[in-house]
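A quick write-up on the structure given underneath.
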Amino acid sequence: MRAIYADLKRARMRPTSSRVAVLRLFHEFPNEHMTADQVFRRVPPETEQCSLASVYRALSQLLEAGLITNAWIGEQRVVYELNRGTRHSHLVCNDCGEVADIDDTELESQHETIAGARGFRYTSASLVIFGRCAHCEATLESRVRRTGAMHGLSRRP
Ligand SMILES: [Zn+2]
Ligand SMILES: [Zn+2]
């Protein structure tokens, strides 16, 4: 709790109830990616003046202050997360929407090299790799196995 007030103070932001509630959520779940809508649904309902509009406002202010970061993950979806001080890319599951971090310093330095080779000073990249997460892949495989077995049975005389 004290860290949240200290963060806001350092960013010269007044600790309004919506800012505190939103930032607290990211501190509680430092490894989670949340859309504005998910943040809104998870902010305690007793929070004063916490409409969807005020959540959006708090998110953009916290973003501007560098306390959180955001990432575009396809199809107009933007997720927010706590700024842990390291740039990273994301993996997104096409089936369940799970978002995973890619913390790869080699990849980051490659971005820098690519930019530099063309006379750009690298600031940020927004790379998203799409696929199917291990959980969805396992579910799909077991479903294929089950239906495969069923077909096998039905073909028996
Ligand atoms: Zn998945
Ligand atoms: Zn992330």
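The values are calculated or read from the model by the stated rules, or taken from the named source; none is laboratory data. It should be emphasised that the depicted structure is a prediction, and the values quoted were computed from it without experimental measurement. We place every Cβ from the backbone using ideal geometry, glycine too, and count neighbours over all the protein chains shown.
Quick look at the values:
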| quantity | calculated |
| --- | --- |
| 2 or more residues at pLDDT below 95 and farther than 30 Å from Ser18 by Cα: qualifying helices (runs of 4 or more DSSP H) within region 35-144 | 105-117 |
| Neighbours by Cβ (under 8 Å, 6+ apart or cross-chain): first from region 25-52, not assigned by TED's automatic domain parsing to the domain that holds Val78; second within 16 Å of ligand 1 (Cβ to nearest atom) | none |
| Inter-residue pairs, beta-carbon under 8 Å, first free of Cβ contacts under 8 Å to residues at least 60 places away in the same chain and among the aliphatic types (A, V, I, L, M) and in region 89-101, second surrounded by fewer than 18 Cβ atoms within 10 Å (Cβ to Cβ) and assigned to a loop (DSSP other than H, G, I, E, B), 6+ apart | Val92/Gly74; Val92/Glu98 |
